[in-house]
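Notes to accompany the following structure.
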Amino acid sequence: MISNINYVKKILGDLKAKKKFGQNFLIDENVVDKIARIACDERYKTIEIGPGLGALTEKLLIYSNSVDAYEIDKDMFERLSSSIDDERLNIYLQDFLDTDLSIYTDKVNICGNLPYYVTTPILFKIIESDLDINKITIMVQKEVGDRIVSKADDEEYGALSVEIQYLYDVKMEMNVSRSVFYPSPNVDSVIISLTPNRKIDKDIEKGFFEFVKNCFRMRRKTLYNNLKDIYVQEKIENMYLVLNIDKNIRAQQLPLNEFINIYRILV
Ligand code: SAM
(Lines give C-alpha, C1' and ligand atoms only; values in the text may rest on other atoms or scores of the structure.)
Protein backbone atom coordinates (compact mmCIF):
# COMPACT_ATOMS: atom_id res chain seq x y z
CA MET A 1 0.00 0.00 0.00
CA ILE A 2 1.36 3.40 -0.98
CA SER A 3 -0.19 4.94 2.14
CA ASN A 4 2.15 2.89 4.34
CA ILE A 5 4.53 5.25 6.19
CA ASN A 6 7.55 3.02 5.54
CA TYR A 7 6.76 2.94 1.84
CA VAL A 8 6.35 6.73 1.76
CA LYS A 9 9.71 7.26 3.49
CA LYS A 10 11.43 4.68 1.29
CA ILE A 11 10.12 6.06 -1.99
CA LEU A 12 10.90 9.64 -0.97
CA GLY A 13 14.48 8.63 -0.19
CA ASP A 14 16.54 11.81 -0.09
CA LEU A 15 13.67 13.83 -1.44
CA LYS A 16 11.93 16.18 0.99
CA ALA A 17 8.19 16.93 0.84
CA LYS A 18 7.96 20.29 -0.93
CA LYS A 19 6.20 23.02 1.01
CA LYS A 20 5.77 25.16 -2.09
CA PHE A 21 3.56 22.43 -3.57
CA GLY A 22 1.72 21.79 -0.30
CA GLN A 23 3.02 18.22 -0.06
CA ASN A 24 1.62 16.26 2.88
CA PHE A 25 1.13 12.60 2.09
CA LEU A 26 -1.68 10.44 3.45
CA ILE A 27 -0.34 7.55 5.54
CA ASP A 28 -3.55 5.90 6.80
CA GLU A 29 -5.05 3.26 4.59
CA ASN A 30 -8.49 3.38 6.23
CA VAL A 31 -8.79 7.11 5.68
CA VAL A 32 -7.65 6.82 2.07
CA ASP A 33 -10.10 3.99 1.42
CA LYS A 34 -13.00 5.98 2.94
CA ILE A 35 -12.23 9.01 0.76
CA ALA A 36 -12.07 6.89 -2.39
CA ARG A 37 -15.40 5.20 -1.58
CA ILE A 38 -17.05 8.60 -1.09
CA ALA A 39 -15.53 9.99 -4.30
CA CYS A 40 -15.92 7.23 -6.84
CA ASP A 41 -18.46 5.45 -8.91
CA GLU A 42 -17.35 2.53 -11.06
CA ARG A 43 -19.34 3.87 -14.00
CA TYR A 44 -17.24 7.04 -14.23
CA LYS A 45 -13.72 8.27 -14.69
CA THR A 46 -12.22 10.07 -11.69
CA ILE A 47 -10.05 13.12 -12.26
CA GLU A 48 -7.52 13.37 -9.45
CA ILE A 49 -5.80 16.64 -8.59
CA GLY A 50 -2.34 16.30 -7.04
CA PRO A 51 -1.80 12.51 -6.79
CA GLY A 52 1.62 12.91 -5.13
CA LEU A 53 3.03 9.45 -4.42
CA GLY A 54 -0.31 7.84 -5.30
CA ALA A 55 -1.85 6.82 -1.94
CA LEU A 56 -5.27 7.97 -3.06
CA THR A 57 -4.71 7.12 -6.72
CA GLU A 58 -4.38 3.40 -6.10
CA LYS A 59 -7.69 3.38 -4.20
CA LEU A 60 -9.46 5.56 -6.76
CA LEU A 61 -8.52 2.95 -9.36
CA ILE A 62 -10.32 0.27 -7.36
CA TYR A 63 -13.64 2.11 -7.26
CA SER A 64 -13.60 4.04 -10.56
CA ASN A 65 -13.86 3.22 -14.22
CA SER A 66 -10.49 4.91 -14.79
CA VAL A 67 -8.36 7.73 -13.36
CA ASP A 68 -6.73 10.81 -14.91
CA ALA A 69 -4.28 12.31 -12.43
CA TYR A 70 -2.74 15.80 -12.73
CA GLU A 71 0.50 16.39 -10.83
CA ILE A 72 2.56 19.59 -10.92
CA ASP A 73 5.79 18.18 -9.47
CA LYS A 74 8.15 16.23 -11.76
CA ASP A 75 9.62 14.23 -8.84
CA MET A 76 6.15 13.02 -7.83
CA PHE A 77 5.21 12.37 -11.44
CA GLU A 78 8.24 10.15 -11.94
CA ARG A 79 7.74 8.19 -8.74
CA LEU A 80 4.04 7.69 -9.38
CA SER A 81 4.65 6.62 -12.98
CA SER A 82 6.96 3.86 -11.81
CA SER A 83 4.89 2.68 -8.84
CA ILE A 84 1.44 2.12 -10.35
CA ASP A 85 1.12 0.08 -13.48
CA ASP A 86 -2.49 0.17 -14.62
CA GLU A 87 -3.66 0.94 -18.13
CA ARG A 88 -6.75 2.65 -16.67
CA LEU A 89 -4.48 5.35 -15.19
CA ASN A 90 -3.25 8.40 -17.13
CA ILE A 91 -0.82 10.63 -15.30
CA TYR A 92 -0.20 14.16 -16.55
CA LEU A 93 2.73 16.30 -15.46
CA GLN A 94 0.76 19.50 -15.40
CA ASP A 95 -0.50 22.30 -13.19
CA PHE A 96 -4.20 21.55 -12.81
CA LEU A 97 -4.92 25.26 -13.21
CA ASP A 98 -3.55 25.04 -16.79
CA THR A 99 -5.50 21.95 -17.83
CA ASP A 100 -7.97 22.05 -20.66
CA LEU A 101 -11.07 20.49 -19.11
CA SER A 102 -13.01 20.69 -22.35
CA ILE A 103 -11.42 17.37 -23.40
CA TYR A 104 -13.85 15.66 -21.01
CA THR A 105 -17.24 15.09 -22.56
CA ASP A 106 -18.46 12.20 -20.37
CA LYS A 107 -19.61 12.51 -16.78
CA VAL A 108 -16.70 12.52 -14.29
CA ASN A 109 -15.99 12.48 -10.60
CA ILE A 110 -13.33 14.78 -9.21
CA CYS A 111 -11.18 14.05 -6.20
CA GLY A 112 -8.16 15.63 -4.61
CA ASN A 113 -6.25 16.18 -1.46
CA LEU A 114 -5.57 19.74 -2.44
CA PRO A 115 -2.70 21.97 -1.46
CA TYR A 116 -4.39 24.56 0.72
CA TYR A 117 -3.01 27.66 -0.98
CA VAL A 118 -4.57 26.68 -4.27
CA THR A 119 -7.95 25.34 -3.10
CA THR A 120 -10.07 28.34 -4.05
CA PRO A 121 -8.73 28.89 -7.61
CA ILE A 122 -8.98 25.14 -8.28
CA LEU A 123 -12.57 25.04 -7.00
CA PHE A 124 -13.53 28.03 -9.12
CA LYS A 125 -11.83 26.50 -12.18
CA ILE A 126 -13.93 23.36 -11.79
CA ILE A 127 -17.17 25.14 -10.96
CA GLU A 128 -16.87 27.56 -13.85
CA SER A 129 -15.95 24.84 -16.36
CA ASP A 130 -18.40 23.01 -18.60
CA LEU A 131 -17.54 19.65 -17.04
CA ASP A 132 -20.38 17.19 -16.61
CA ILE A 133 -19.73 16.50 -12.94
CA ASN A 134 -21.19 13.65 -10.96
CA LYS A 135 -19.54 14.61 -7.67
CA ILE A 136 -16.55 16.58 -6.36
CA THR A 137 -14.85 15.17 -3.27
CA ILE A 138 -12.03 17.24 -1.86
CA MET A 139 -9.91 17.51 1.20
CA VAL A 140 -9.65 21.09 2.37
CA GLN A 141 -8.43 22.98 5.39
CA LYS A 142 -11.12 22.78 8.09
CA GLU A 143 -11.78 26.53 7.99
CA VAL A 144 -12.40 26.43 4.23
CA GLY A 145 -14.71 23.42 4.63
CA ASP A 146 -16.65 25.22 7.36
CA ARG A 147 -17.01 28.24 5.09
CA ILE A 148 -18.31 26.16 2.18
CA VAL A 149 -21.00 24.35 4.19
CA SER A 150 -21.96 27.27 6.47
CA LYS A 151 -25.52 28.60 6.57
CA ALA A 152 -27.08 32.04 7.12
CA ASP A 153 -26.12 33.57 10.49
CA ASP A 154 -22.97 31.42 10.78
CA GLU A 155 -19.85 33.49 11.24
CA GLU A 156 -18.10 31.93 8.20
CA TYR A 157 -21.08 32.45 5.86
CA GLY A 158 -20.09 34.49 2.81
CA ALA A 159 -20.08 34.78 -0.99
CA LEU A 160 -18.19 31.47 -1.40
CA SER A 161 -20.83 29.61 0.66
CA VAL A 162 -23.73 31.12 -1.28
CA GLU A 163 -22.16 30.59 -4.72
CA ILE A 164 -21.22 26.97 -4.09
CA GLN A 165 -24.54 26.09 -2.42
CA TYR A 166 -26.38 27.67 -5.34
CA LEU A 167 -24.82 25.09 -7.65
CA TYR A 168 -24.19 22.10 -5.39
CA ASP A 169 -25.57 20.12 -2.50
CA VAL A 170 -22.69 20.35 -0.07
CA LYS A 171 -21.85 17.80 2.57
CA MET A 172 -19.25 17.68 5.30
CA GLU A 173 -18.18 14.03 4.93
CA MET A 174 -15.47 13.56 7.56
CA ASN A 175 -12.80 15.15 9.69
CA VAL A 176 -9.22 14.19 8.91
CA SER A 177 -6.72 14.43 11.71
CA ARG A 178 -3.33 16.00 11.02
CA SER A 179 -1.74 12.80 12.36
CA VAL A 180 -2.61 10.82 9.20
CA PHE A 181 -0.20 12.84 7.06
CA TYR A 182 3.53 12.74 6.54
CA PRO A 183 4.82 15.29 7.25
CA SER A 184 2.06 16.36 9.61
CA PRO A 185 0.57 19.75 8.59
CA ASN A 186 -0.20 22.42 11.19
CA VAL A 187 -3.89 22.62 10.28
CA ASP A 188 -6.81 20.20 10.53
CA SER A 189 -8.56 19.01 7.40
CA VAL A 190 -12.01 17.87 6.34
CA ILE A 191 -13.45 16.02 3.39
CA ILE A 192 -16.35 17.73 1.72
CA SER A 193 -18.43 16.59 -1.22
CA LEU A 194 -20.28 18.74 -3.75
CA THR A 195 -23.05 17.27 -5.89
CA PRO A 196 -24.52 19.42 -8.68
CA ASN A 197 -28.13 20.27 -7.90
CA ARG A 198 -29.38 22.37 -10.77
CA LYS A 199 -29.16 22.73 -14.50
CA ILE A 200 -26.81 25.62 -14.94
CA ASP A 201 -27.34 28.60 -17.17
CA LYS A 202 -23.89 30.17 -17.49
CA ASP A 203 -25.18 33.69 -18.23
CA ILE A 204 -27.63 33.83 -15.33
CA GLU A 205 -25.03 32.34 -13.08
CA LYS A 206 -22.36 34.92 -13.87
CA GLY A 207 -24.73 37.78 -13.07
CA PHE A 208 -25.92 36.04 -9.90
CA PHE A 209 -22.38 35.50 -8.62
CA GLU A 210 -21.51 39.14 -9.20
CA PHE A 211 -24.68 40.14 -7.36
CA VAL A 212 -23.81 37.91 -4.39
CA LYS A 213 -20.32 39.41 -4.20
CA ASN A 214 -21.90 42.88 -4.18
CA CYS A 215 -24.20 41.90 -1.31
CA PHE A 216 -21.18 40.91 0.79
CA ARG A 217 -19.01 43.83 -0.41
CA MET A 218 -18.83 45.43 3.03
CA ARG A 219 -19.61 42.63 5.43
CA ARG A 220 -20.53 44.85 8.35
CA LYS A 221 -22.82 47.10 6.36
CA THR A 222 -26.49 46.39 5.85
CA LEU A 223 -27.56 44.77 2.62
CA TYR A 224 -29.34 48.02 1.78
CA ASN A 225 -26.13 50.02 2.03
CA ASN A 226 -24.25 47.52 -0.11
CA LEU A 227 -26.91 47.61 -2.81
CA LYS A 228 -27.80 51.29 -2.90
CA ASP A 229 -24.84 52.48 -5.00
CA ILE A 230 -25.20 49.68 -7.51
CA TYR A 231 -28.88 49.21 -8.30
CA VAL A 232 -31.67 51.68 -9.10
CA GLN A 233 -33.12 53.14 -5.90
CA GLU A 234 -36.76 52.52 -6.88
CA LYS A 235 -36.09 48.87 -7.60
CA ILE A 236 -34.38 48.41 -4.26
CA GLU A 237 -37.27 50.02 -2.35
CA ASN A 238 -39.74 47.89 -4.28
CA MET A 239 -37.76 44.72 -3.55
CA TYR A 240 -37.81 45.35 0.24
CA LEU A 241 -41.54 45.91 0.03
CA VAL A 242 -42.39 42.89 -2.12
CA LEU A 243 -40.21 40.46 -0.18
CA ASN A 244 -41.01 42.03 3.17
CA ILE A 245 -37.36 42.16 4.21
CA ASP A 246 -36.13 44.23 7.14
CA LYS A 247 -33.96 47.12 5.91
CA ASN A 248 -31.45 46.52 8.70
CA ILE A 249 -30.65 43.00 7.57
CA ARG A 250 -27.10 42.12 6.50
CA ALA A 251 -26.16 39.70 3.70
CA GLN A 252 -24.77 37.30 6.27
CA GLN A 253 -28.29 36.77 7.64
CA LEU A 254 -29.88 35.82 4.32
CA PRO A 255 -30.46 32.20 3.30
CA LEU A 256 -29.69 31.14 -0.28
CA ASN A 257 -33.32 31.28 -1.48
CA GLU A 258 -33.57 34.96 -0.42
CA PHE A 259 -30.53 35.84 -2.52
CA ILE A 260 -32.26 34.21 -5.49
CA ASN A 261 -35.53 36.08 -4.80
CA ILE A 262 -33.78 39.43 -4.46
CA TYR A 263 -31.70 38.85 -7.59
CA ARG A 264 -34.82 38.07 -9.63
CA ILE A 265 -36.42 41.37 -8.63
CA LEU A 266 -33.34 43.59 -8.85
CA VAL A 267 -31.59 42.40 -11.98
N1 SAM B 1 -2.72 12.89 -3.04
C2 SAM B 1 -1.50 12.72 -2.28
C3 SAM B 1 -1.85 12.20 -0.90
O4 SAM B 1 -3.01 12.38 -0.49
O5 SAM B 1 -0.98 11.60 -0.26
C6 SAM B 1 -0.69 14.03 -2.18
C7 SAM B 1 -1.45 15.20 -1.59
S8 SAM B 1 -0.47 16.65 -1.34
C9 SAM B 1 -1.41 17.46 -0.07
C10 SAM B 1 -0.85 17.68 -2.72
C11 SAM B 1 -0.28 17.23 -4.08
O12 SAM B 1 -0.71 18.16 -5.08
C13 SAM B 1 1.24 17.22 -4.15
O14 SAM B 1 1.68 16.04 -4.77
C15 SAM B 1 1.59 18.45 -5.01
O16 SAM B 1 2.82 18.30 -5.71
C17 SAM B 1 0.40 18.50 -5.94
N18 SAM B 1 0.08 19.85 -6.48
C19 SAM B 1 0.27 21.05 -5.89
N20 SAM B 1 -0.19 22.04 -6.67
C21 SAM B 1 -0.71 21.45 -7.77
C22 SAM B 1 -1.33 21.95 -8.97
N23 SAM B 1 -1.53 23.25 -9.14
N24 SAM B 1 -1.72 21.06 -9.91
C25 SAM B 1 -1.50 19.73 -9.73
N26 SAM B 1 -0.92 19.20 -8.63
C27 SAM B 1 -0.53 20.05 -7.67
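In the chain, the DSSP-assigned H stretches of four residues or longer account for a calculated mean residue ellipticity at 222 nm of -11500 deg cm²/dmol, using -39500 (n - 2.57) per stretch and the full residue count as denominator.
In order along the stretch 54-70, phi translates into HN-Hα couplings of x, 3, 7, 3, 5, 7, 4, 5, 5, 9, 10, 5, 6, 9, 10, 10, 10 Hz, rounded to whole numbers, per the Karplus curve 6.51 cos²θ - 1.76 cosθ + 1.60 with θ = phi - 60° and x for Gly and Pro. Expressed as a whole percent, the accessible surface of the chain that belongs to carbon and sulfur atoms is 46, based on a 1.4 Å probe. Helix 74-83 and the longest principal axis of the Cα set of the chain meet at an angle near 60°. Residues whose amide H falls under 5 Å from that of residue 25, counting only those 5 or more places apart or on a different chain, are 182, with hydrogens built in the peptide plane. Charges were assigned to the Cβ only: +1 to each Lys and Arg, -1 to each Asp and Glu. The resulting dipole of the stretch 103-230 about its Cα centre is roughly 240 debye. The residue list 150, 110, 27 was ranked by how far each Cα lies along the charge dipole of the chain toward its positive end, using unit charges on Cβ atoms, and 150 comes out on top.
Solvent-accessible area of residue 235, all protein chains in place: 90 Å² (probe radius 1.4 Å, heavy atoms, ligands and nucleic acids excluded).
Treating only the Cβ atoms of Lys and Arg (+1) and Asp and Glu (-1) as charged, compute the dipole magnitude of the stretch 186-267 about its Cα centre; round to the nearest 20 debye.
The dipole magnitude comes to about 140 debye.
Dividing the convex hull volume of the alpha carbon atoms of the chain by its residue count gives 128 Å³ per residue. Computed with a 1.4 Å probe over protein heavy atoms only, the accessible area of residue 216 comes to about 20 Å².
Once all protein chains are placed together, residue 1 keeps about 120 Å² accessible to a 1.4 angstrom probe.
The mean accessible area for residues of the stretch 181-267, using a 1.4 Å probe and ignoring ligands and nucleic acids, is 58 Å² per residue. Axis of helix 29-39 versus longest Cα principal axis of the chain: the two differ by about 50°, to the nearest ten degrees. About its Cα centre, the chain has a charge dipole of approximately 740 debye under the convention of +1 per Lys or Arg Cβ and -1 per Asp or Glu Cβ, with nothing else charged. Protein heavy-atom accessible surface, 1.4 Å probe, per residue over the stretch 1-109: 51 Å². Among the listed pairs 135/206; 10/74; 34/206; 142/228, those with a Cα-Cα distance over 29 Å are 34/206; 142/228.
Each of 160, 99, 225 was scored by the projection of its Cα onto the charge dipole of the chain, and the greatest displacement toward the positive side belongs to 225; charges sit on the C-beta of Lys, Arg, Asp and Glu.
When you restrict to C-alpha pairs under 8 Å that are six or more residues apart and normalise by the size of the chain, the relative contact order lands at 15 percent. For the stretch 198-258, what relative contact order do you get, as a whole percent, if you take Cα pairs closer than 8 Å and at least 6 residues apart? Normalised by residue count, the contact order of the stretch 198-258 is 34 percent. Contact order for the stretch 71-183, expressed relative to its length and based on alpha carbon pairs under 8 Å spaced 6+ residues apart, stands at 19 percent.
Working note: Karplus 6.51/-1.76/1.60 with θ = phi - 60° gives the stretch 127-141 the couplings 5, 8, 7, 9, 4, 8, 9, 7, 7, 10, 10, 9, 8, 9, 4 Hz, where Gly and Pro are set to x. Summary of packing: across the peptides 97-107, 140-150, the per-residue average of other C-beta atoms within 10 Å ranks them, highest first, as 140-150, 97-107.
Computed from backbone phi, the HN-Hα couplings of the stretch 212-226 come to 4, 4, 4, 4, 9, 3, 10, 4, 7, 7, 6, 4, 4, 5, 6 Hz, rounded to whole numbers (Karplus: 6.51 cos²θ - 1.76 cosθ + 1.60, θ = phi - 60°; Gly and Pro given as x). Between the Cα long axis of helix 233-243 and the first principal axis of the chain there is an angle of about 80°, rounded to the nearest 10.
The values are calculated or read from the model by the stated rules, or taken from the named source; none is laboratory data. These numbers come from a predicted model, not from an experiment. So basically every Cβ, Gly included, is an ideal-geometry build from the backbone, and we count neighbours across all protein chains shown. The area values use the complete protein model at the heavy-atom level, side chains included, leaving out ligands, DNA and RNA. Shrake-Rupley method; radii C 1.70, N 1.55, O 1.52, S 1.80 Å.
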